[in-house]
Each structure stands twice: as C-alpha cells, then as structure tokens.
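Trainee: Just passing along the structure, written as structure tokens.
What follows draws every value from the coordinates through simple rules; no lab data is involved. On a predicted model such as this, the values are computed, not experimentally measured, just so you know. Using ideal geometry, Cβ is built from the backbone for each residue, glycine included, and neighbour counts are taken over all protein chains shown.
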Amino acid sequence: MKVLVVDDEVDIQDLFLQKFRKEIKNGEIEFSFATSGENALVYLHEHESEAILILSDINMPGMSGIELLREIVEKNTKPKPIVMMITAYGDDETRNKALSLGADDFLNKPLDFGDLKERLFKR
Amino acid sequence: MKKIFLHILLGLLLLSGIELSAQDLRFKTVLDNPNSFIVDMKQDNLGFFWLINTARGLQKFDGVKAQTFLNDPSNANSIAPGQVSSLIIDADNNLWLGTYGSGLDRLDPSTNTFTHFRNNPKDAFSLSNDTVNAILEDHSGNLWIGTNQGLDLLDKNTGRFTHFSNNNHDPEGSSNPQVFKIYEDRKGILWICGRSSAKDHISPSALNLFDPTTKKITPYFWDSRKANNGIPGTFITDIYEDSKNKFWIVTDAGLYAMDRNTGKCTQYYPDPFNSSTLSRTPASKDVVSDIMFVTEDSSRALWVGMGQYGLNRYDPVTKTSMHFGLLYDFLDVSASNKRDTATGLNITLAIKGLSSKDGLFWVMGIGGIAQLNYKKTTFLFNNISKAALALYLEANGKILWIGTDKGLLRKDLATQNEKLLIFNPKENKTRGKYIHSIAADEAGNLWLGTGTGLLKFDPVTEKYVQYKKDLKNPGSISGNNVFYTFFDHNKNLWAASDSGVSRMDLATGRFTNYSVGQIAGNYKGFEVNRIAEDPEHNIWLTANWGLYKLDIKTGKFRKYLDDDLRSICVDAKGKVWAGGWQGLYAFNKTKDKFELFANEDSAVNISAVLDIIEDDQKNLWVSTTTSIIRINENRTKIKKYTKDNGVQLTQSLWSFSSFKGTDGRLFLGNYFGYYSFRPDQLSDNHISPPLNITSFKLGDKLINSENSGFLSLPIWQTEEIKLRHDENVFSFDFFSADYISSTDKKYSYILENYDNIWHNIGGEHQASFFNIPPGNYIFKVKAISSDGGSVEKSIRIIISPPWWETWWFRILSVITLVMVIYSLIRERSRKLKEENRRLEQNVTERTVQLKKSLEELKSTQAQLIQSEKLASLGELTAGIAHEIQNPLNFVNNFSEVSVELANELQEALRQRGIESNTEEGELVSDLIQNQEKIYYHGKRASSIVKGMLEHSRTSTGEKELTDINALADEYLRLAYHGLRAKDNTFNSDFKTDFDPNLPKIAVIPQDMGRVLLNLINNAFYATKGVKNPLVEVKTKRAENGVVISVKDNGSGMSEVTKAKIFQPFFTTKPTGEGTGLGLSLAYDIVTKGHGGTIEVESEESFGTTFIIKLPIS
C-alpha cells in the first residue's frame, strides 16, 4: 500500500518511519512524504494511475489540506485516491467541511498510531 | 454737322465746368425694364410705391420687387378691368384708381381688396361716368374725380357722388364736359382742365376754377380777343406751383409761367442741346412742344421733363441748367438706342418726375424708374493709370508724391502736371520700379521703400541715396524689397522688408534687424508689410499671415492674429486696429487680444481691408477692395460707400497706404489712382427711412381694422394687439422704405419675453410665430441700412391666458387654499398643544425611569467589563492551547514510539543473552521507564490543552427546545452516581426543587449538561467533609427566562476566590485534580453560547450557590 503523508512538520516523517518500521521492512506499506499541498499535487501527478492513500494535515502554509482535497476531488483521477484528513482536536467545523468535500476519513490530533494502523490496514 | 458740334459742346460742358456735380448727380435705375411704360407713381404712407404701368397695370414696388395686380373675373374684390388712368393715395392710405371705362376703384392695401364705384344711370348719386381721367384729394380731405362727364365729389362715408358740371357757355365753341386734370393750388382753388374747343389756345370751358368757399365752378376767363394773351396749346399736360409761387403750365405748345391774376403767360425754352440756362431760343421746335412735366426736387431745383429728350434740371441758385438722359433724335437712326452714360439715366421717355419724402428724385417713363440721390457722397477718383501704392502730400498742400508700380510720381495739384521718376529699374525688372512706401523725415527727405532697397530721396534736388542689404555687413538693412517705411517717436526709421523689420539710426546709418526667431542671415519668409507704434511705444507689424508685437528690448515677437493682414492703425485714443482679408479687428488691451470688429457677416460687412486711417475728426476710414467705410469717433456707426458713391473695385489685396495731409485731406490709394477728399466736407445728411409693420396675419387670415375686433387702427398705427390664448399663431410683414440702399437692407426681429436673440433675416421682411404661450410680449423689428443706420418699430402683443390661468382664478384659488391651510393649521395647533401637555407628563415620568435605568446601567457596565475580561482570557487560553498542541503531539508520539522501540531493544538484548539485571539491561529498563513518564506527563499536558481547547471549540450541537428540569435531573443523577462510583467516602445528599411550569427553552443540551455537570460536581466536591452535606438543584420560571440554581452547604469561598472563580486555570483543587477550566468553560457556554448569565453567591463556611439565568429566546 502506498501512503502519501502531507504535513509541513518534517519530524512527522521520522515518526511514521519508526512507527511502521516493521511494515515498511516487510513491504506491506510504502510511505512518501510531501511538505506542502503543492508538492503533494506534483507527487500525485507523477504517480498517476497508482492507488495511493493520502494522509493530509489541514493547516499548512500555502495550499491548505482542504484546498488539496478540493483539487484532488476536482481532478477526479482514476483510481480515486483515498484521502484521510488529520484535523486538530475540537475543530468540528473543518472536519465536517472535509467530509462534505469528499474526504474518506479523518483522524484527530494528537495521532493515535494504533488507531491509524488499524484504519490503514482496513483499507 | 451742327449736331456733332452740339454734342461736342455738351461734352465739354459736362467735363469742365460742372465736373463735380456730374459725379454727384447720377441716376440709378431701380426698375429696369425696357418694356415698362410707367405713367404715374405715388408713395403710400408705409413707403411703398404704387405705379401705373401701362404695359402691366397697377404695380406695388418696394425698391426691389414689383407686385402686379390683375383683374380676376371670379373675384369681385380684384382690381377692375381696363387701363388705369390715374392714381392717388388718400390720408387714410387708401388707393384710389381711375380707369378708362371701368369706373373708380378703391384699394385697401392692408387687405388687398378693391371696392368698385361705377356709374349707374338709375342712381343719381353714382359716378357720373365710367371713364375716370383724374382724381384729387384736396387739403380738407375731399375726393374729387374728373370723368368724361365732368367733376364729381365723393362723400367717402356714404359713397355718394355729387356732380358739378360746367354749365357755363363756351363763347368760343361747343363745350366739352370732359375733365382731364385737377390741380389744387396753395390757396385751395381747384384748377379743372378739360379739352379746348379752340385750336391755338386753351378755350374758356377747358380751364375752370372751383372756389371751395363759394362752391362754384367758374371758367378761368380772359379776353381771348387780345392777341398773345392766353394759354397757347389745346391741351394742358401739367400744372405746377413751385416753392416761389411761380405757376407753371405745360401744354402741348410748351412750358409757360402764368400770372394767375392777369393770365399772362411767359414761355420758357428748356433745351436739351443747350442746357446752361432754363430758357433760350430753342434749337429744335420738337423739343419745345414735347414737354411732359415740370416739378421741383427737395433742393428746390426745377426739373423739366422733355419726353424723349430727357430732363433738364434748373438750379435757381447757380441759375444754370443741366441735362440728363439720352439725346434722342428720331431722325438719326444710328443714335436712337444710345444711352446716356454721363448721367446714368436709362429712361427713354421721361413722363413724370417725383420727389419722395426721403429726398430722392424719381423719374419714370418708358424703360422703368430711375432714382437720383444727389445728397449722397461721391468720392472723386483721380485716375493716374498706375497703382497708387503710397501717397505723400507736401506740407504746402501743393505737391503730391505718389509711389506707384511704375515709379515715383510727382503731381502738382495746382497745375495737374505730373512727372514720373524711376530709380534703379535695371536691378530688378519686375520690382525695380515699385515704390511701396513714402515717409518724410524732419529735414524734408523722403524715405522710399522700393523693390530695390531703401532710398533716401531729396524732393528738391531729386537726388537719392540707396541702402541695400550687404551680407558682409550685419549693420545693413535686412532685405531689399522694402514694403514700408515708418518713423517712431524717437525719429528712428523703421523699414519693413521681405526679410523682417529693420530699425535705422539716422545718425550712424546702422540698421538693427529684427525677425521672428532672430536667426542671423536666415530671414527668408518673414515678409513685413506694415509697421505702427502705439502710445506705449510698442511696435506693431503685419507680416505674411499674422499680426505681431515686437518687444524692442528683447527683440522677441508675439503673434496675435492669423489672417492675411495688410494694415494697422493706431487711433488717437491709442487703440490698435488691424485690417485683413477676413475683416477688421480691434485690440482689446485688457484681454490682450484682438477682437473682430466687423467681417462679412456683420450688419455692415467689412472684409478684404486695404488700409485704415484716422481723420482729424477721429473718424476711422477703412478702404476695402469694394468699398470705403467710415466708422465714427465713438466707433458705433459704420457708413459704407460703394460703387454708387464712385468707389472703384479692386480685385486683389494689394498694399495701398493712405495719407492724411496737414490740411486734413485724406488720400486713399487704389489700383488705377487715388481718392482725395476732405472728410469734413462730405455731405452726409441721411434721414433714416421709416420702418412700418405693414400687415398682420392670424393663422392664414389677414387682419385689418375692418374685418375684426383686433385692430381699431391700421396695423402700422397700432401699438398693442390683444389675443386670446388659442390665437397664438401669427405673423407680421414689415417694410422699411429705404430706397437708397434697398438691396443692402437687412431686417432683424425679436419677440421680447419669448425670444432671447434677434433673428437676422436678411432681406426677408416677414416674421412668423407659432404656438406662443399666454403672456405679454413686445414684437420689435429693426431695419439696418448699408450705412449702419437702423430704425426700430415695436408693437405690444398680449395673449391672454385661458380662464383657468387668469389672475382672478388664481387669486381665488390662492385664497381658498390659504383658508384651507389656515383651518388645518388651527386644528393642528390645537392638537399639538394637547399632545405637548401629554408629552411633558410623559417626560417627567420617563425621567424618573431613566434615572433608575442609569443606575442599573452603571452596575451592568461594571459587570460587563468583568465579563469581557473573562471572555478575552478564555480566547487567549484557547490560543495558547492551540499553539502548544502540535509540539506536545510530537512529544507524545515520539515518546510512545520510543517506548515501543525501547521494548524491542530490551527484547533484542534478551535474545542476545543480555538480561535486565545486567548493566545494559538496567539502562534499557530505565530508559523505558523514563519514556513512559514522558508519555504519561505528555498525556497529562494534552488533557489540559484539550480542556483549554474546549473554549475555542465550535460547538456542533444545535439549539433545541429542552426541558431544563429533565436535563438538570439527568446530570444531577449522572454526577451523583459517577462520584459515588469513584469515591466510596462520598456521602452527600441532594435535593431538587423543579418548577413544574417551567417552559421549554432553546439550548444546546450537551453544552448546558456539561455546565450543570460541572457545577454539580463542584458542589458535591465542596460538601466533602461537612455535616449533612446537601446539594440542592432548583429551577424557577422568571420574567423572560428560567433560573437554575445549584446550591451546596459546603465550605463556601472567600471574596478573593469568588472574584477569580470564572478565570481559566483558577482552581482550589490540589494539583492534578482539576484543570481550572471547568467554570471558565461554563461561563463561556452560558454567556456566549446562550446569552444568559451565571452568578455566584457564597459565604465562607455556609456554602455556595451558582445561579444561571437563561433567556427564553
């Protein structure tokens, strides 16, 4: 499974790589990282027609996670990427908006990796 | 041979002795038609001429056009058929026409309707005979008619004729009742002429007198038996009593002066071939017997009409005669159609002469009508067969120097001797002879501007010095084609040339050159043709296409006008004038610009100006290519002299400069010579011609004093016309009897109070108005003649408004309106007073209320400040929390992963045989422990942050109508059981007091539940360790809302605690048990979320009560 993590916090990359060390080693999961919505779009363009799960933060400088989501939905590429949004705790408004725009799932900050792993592998 | 001699003699007389008067006395043909045969002409009160044209009938002539009246058998009001024999215009401006065979006609010129008077054999009071030969209105207004049956007197009121027949027996033969002529002399005696029965003299019955005092007709009787005592001839052609009471009788035998007392006749022999005196031995018997009329003109000169032999004018002052017209000789066929050019008379047979009111003398006959205006100015033109470019009269007034295109001409005005001087013709073939300009210095030298340089010329020795352009000498003149020379106030000479303008210092002979741009050696193209200096010593000059002012100090030019300008003149008042192709300009000093004084479109058009000069009377004389124009001292009147005044036409716009002699004489140059005249001696007593409104039409209908109620007098005497509001389409005809400049006449009109401007209509003489609204107007019409004189005539027009716009209706309406308004105001003010009283009462009441409210407000304000503080603190908290959240997440996540990694590391070590009791094993388990502590405390921090974030959390819950009693009950139980489950020492009791009538109100149940839970939890917490711990939850309906109170009987709080209780992070609980955010959040939910209030009442050791008030909406 290919997962693209979109977050301007670079440290999140180590966290994912350490947390999913075994799965990565076993080739069950493959992480790519983008530090902005724009970069994410470039990545998606380069990996067109691949099944990708996108895990995106909302608040980022430049293109926000919501805008990224809107772009992805509008592009309507096949296969449709699965988009999961990471929202701040208590920000119900953003969450609802993301869902209405077509996000497949959302996760609250702080990330519960156990929960995340479970959800990822459900997909 | 004899005839040729006479012709030569006549020519000599005309040319020498009376040269000037020949120029003054020229006829102008105004109605030129060789087929016209005009036998009589009369001018009516409005100035129109009425003609009996034997070829056409009755004609009305306005100076330009002749309108003919024809018989229309289908129209009873048209002119009677038959030849018109006689014509008079009576005091009421009615025309009376006598006809051959069709009786008497009266024409009302305001309606153009004819009324006929015919003979009726059955009516004794009708006209005696249908052939009317003569009509006369005597001094008392009686109308006398001479018919083939005798003399009739018409009573204008009754239309009845009284007949006077000559019953006197003619001792010399059978009497004839015919009356051919009636004449009233100054004594009021009527002379009634008939046909003579004798063959060589007028028989007694052919000349009768009517004495108005005796009312009797008596024959003018003399003793015919005495030879040569009587009036020779058989027919009386004309009778005229002149201003000296000389009684003239013209018969077919000649011209006689008669002594009325003795009847003695003296014959006069006016002779066209020898006109120097009135009477001399006639050269031809034909002439003597062909006399048609005798009359006087306005200068008291006697005119004798000699039929085909033209006219003689006898001047009683100079006692000389002058002949006018063609010397027609029936025997000499070759000369028969030769027209007289010397006097301009084109009438081939002079039948009648007439002196009109405006002083003009008219002659009519075969060939039309000719007019003589001998009062007009005629300019004497001196033909020198050369263009007079420049003129200079020596101070002695005898020698005139003329600069021409063929050299310098010296003319001795006394001897008329001329001498032509030519300088340097070889230098330039085309312009070598040109003398453009003459200016004299104080020493008497003439400075000539020539085609080949500037010449200093000594008029006595005729020697000259030439100044020419020298390219090597910058102090030489700038150009060789010198157009103008001029002395300024410093006696410096200025010379205008084809290359600019040069100032010469006469002492040194050096020139200072000025040109546009001041570029040395490149003056080409700046052709200056005139120079003038104003009183401020500015130099003005005209150049090709422009007028410039030169600043001598800077040498700079300023351009003022764009026109082909040839002349400048600075008048006595210092005003600068400029003339050019387009018109005449005057300088406006305040505006610093030239303004058009007159051009082609002006009332008196001025264009193609050749030169301007001011005379000693401060008149401005402007010569143009077609006219000479005088502008008076005030510059208000313009008089134009044209070819009628002897002005020559010049085709091209040359530079002709004028000159004023020391004696005031003006000399104006022209193409083939020059004019010379003394402006103060020009005769110029022009009387403004009358201007009249001649007809008035309402719609299409011609209105006169008889057919309507509008006019009680003829329109030309009417001062005011009153019209109804629907009579608002009307027109006027008007006419100015200006026969001197009839073709140049210009009319303009204005309807004051309606038009804003005068309408210039040129030669048209009608003004029409459509749909004029009711009001008072003045119609004004103005006629401007070529000499700039204008006459004005006005008539008031009152168009009354319809009844709904009349003054009385308006006043009535206003009064009614005022009364209605007054009563309304009264009623209103009564109500207002009442209202006022009530208001005052209200105000008093409200003031009391307001005072109370103010006090409340003050306390509320204090609370508001407090709550605002709390709110902002809450927001701040949320902000901080948000910022901390992300780093904290990392701490938590990394610590969590680290625990996992450390566990794996421990497992890996164990698999390598390194147990936990070894050094490495202990280190790893310590690390694990530490990571777990970081994770634990991180989670703790997270939960604080989570609590803080609740403040900023945007609630997803929606307000719904909620039963507060049920809600409170639910959360009370939840808290109670929750606490009991957590803490087995918990032993508080609770009590509820719910208002059963509590209305449902809209709240967010989760949020409000949270608030209640928080308060109830706190309450239970506070009761820990007190006797009979009790928590009471109460609800109560209040005005516009509900009140929920949570009361405990716990420890209570101090005032200090109470003040901080709603601040975030404030807690009295030990560390780790409370975040201090619960009440802060409750505060937010109640106040911000629901618009309610939350208050606390507390007393230490007695307990605390939280009171929530929620509004219904």
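Trainee: Report the dimensions of the protein assembly as shown along its three principal axes from the alpha-carbon atoms, largest first, rounded to Å.
Mentor: 197, 101, 66
Trainee: Something else: Tell me the label-point distance for the pair B:S943, B:A507, using the 7 Å Cα-to-Cβ offset, in nm and rounded to one decimal.
Mentor: Modelled inter-label distance: 12.2 nm.
Trainee: Let me ask something additional. What does the helix-only formula give at 222 nm for chain B: each DSSP H stretch with n ≥ 4 adding -39500 (n - 2.57), the total divided by the residues, and the result rounded to the nearest 500 deg cm²/dmol? Don't skip to the answer; put the middle values down first.
Mentor: Numbers: 9 runs with 214 residues, N = 1113.
Counting only the DSSP helices, I get -7000 deg cm²/dmol.
Trainee: For chain B, list the DSSP H helices whose alpha carbon atoms reach 15 Å or more along the long axis and whose average Kyte-Doolittle value is 0.5 or above?
Mentor: Span-like helices here: B:2-15.
Trainee: Given a Förster distance of 30 Å, report the FRET efficiency between B:D72 and B:D32 from their Cβ-Cβ distance, rounded to the nearest 0.05. Could you put the intermediate results ahead of the total?
Mentor: On the way: r = 28 Å, r/R0 = 0.94.
FRET efficiency, B:D72 to B:D32: 0.60.
Trainee: To make sure I understand, if each residue's beta carbon is the centre and we count other beta carbons within 10 Å, what order do B:H765, B:H537, A:H47 fall in, fewest to most? Write down the numbers at each step before the final one.
Mentor: Working: B:H765 21, B:H537 10, A:H47 15.
Fewest-to-most Cβ neighbours within 10 Å comes out as B:H537, A:H47, B:H765.
Trainee: Run the Debye formula on the Cα coordinates of segment B:51-205, all scatterers equal and no solvent, and tell me log10 I(q)/I(0) at q = 0.11, 0.18 1/Å.
Mentor: Log-scaled intensity ratios, in q order: -0.46, -1.11.
Trainee: Additional query: As I understand it, the dipole of the protein assembly as shown uses +1 on the Cβ of Lys and Arg and -1 on the Cβ of Asp and Glu, about the Cα centre. Which of B:F557, B:T404, B:H163 lies farthest toward its positive end?
Mentor: It is B:H163, whose Cα lies furthest towards the positive end.
Trainee: Could you tell me how far the Cα centroid of segment B:344-377 sits from the Cα centroid of segment B:51-70, in Å?
Mentor: A separation of 16 Å, based on Cα centres.
Trainee: Based on a Kirkwood Rh over C-alpha pairs, give the Stokes-Einstein translational diffusion coefficient of segment B:807-949 at 4 °C and viscosity 1.567 mPa s in µm²/s.
Mentor: D, rounded to a whole number, is 54 µm²/s.
Trainee: Two decimals is fine: what is log10 I(q)/I(0) at q = 0.19 Å⁻¹ for segment B:956-1111, from a Debye sum with one equal scatterer on every Cα and no solvent?
Mentor: With one equal scatterer per Cα and no solvent, log10 I(q)/I(0) is -1.25.
Trainee: Would you mind giving the mean number of other chain beta-carbons within 10 Å of the Cβ of each residue in A:14-24, as a whole number? Before the final figure, lay out each step's value.
Mentor: Working: counts 4, 6, 2, 1, 6, 6, 0, 4, 1, 0, 0.
Mean number of neighbouring Cβ atoms from other chains: 3.
Trainee: Using r as the Cβ-Cβ distance of B:N473 and B:K573, and R0 as 51 Å, what FRET efficiency do you calculate, to the nearest 0.05? It would help to have the intermediate numbers written out before the result.
Mentor: Working: r = 41 Å, r/R0 = 0.80.
Calculated transfer efficiency: 0.80.
Trainee: So between B:W808 and B:I1107, what do we pick up on full extension, going 0.36 nm a residue minus the alpha carbon distance?
Mentor: Details: separation 299, 0.36 × 299 = 107.64 nm, distance 8.12 nm.
Additional length available on full extension: 99.5 nm.
Trainee: Given the Cα-Cα distance of B:T461 and B:A966 and 0.36 nm per residue of separation, how much length would full extension add, in nm? Mind showing how you got there, number by number?
Mentor: Working: separation 505, 0.36 × 505 = 181.80 nm, distance 14.45 nm.
Roughly 167.3 nm would be gained on extension.
Trainee: Let me know the whole percent of all Cα-Cα pairs from chain B that are separated by more than 49 Å.
Mentor: On the way: 377624 of 618828 pairs.
Considering chain B, 61 percent of its Cα-Cα pairs are separated by more than 49 Å.
Trainee: Shifting gears a bit: Using the 10 angstrom Cβ neighbour count as an exposure proxy, how do B:L702, B:L812 rank, fewest first?
Mentor: B:L812, B:L702
Trainee: Sticking with this one: Which residues does a label at B:E752 reach in segment B:789-819, if reach means a backbone N under 11 Å from a point 7 Å past the Cα toward the Cβ?
Mentor: What the label zone holds, given the 11 Å backbone N cut-off, is B:793-797.
Trainee: Determine, for B:S203, B:S385, the number of other Cβ atoms within 10 Å of each Cβ, and report the residues in order from fewest to most. The partial results should precede the final answer.
Mentor: Values: B:S203 25, B:S385 8.
Least crowded to most crowded, the residues run B:S385, B:S203.
Trainee: Under a plain spin-label model, where a point goes 7 Å from the Cα along Cα-to-Cβ, how far apart in nm are A:Y43 and B:E764?
Mentor: 9.2
Trainee: Convex hull over the Cα atoms of segment B:691-805, averaged projected area in nm²? Write down the numbers at each step before the final one.
Mentor: Values: hull surface 29.2 nm².
Dividing the Cα hull surface by four gives the mean projection, 7.3 nm².
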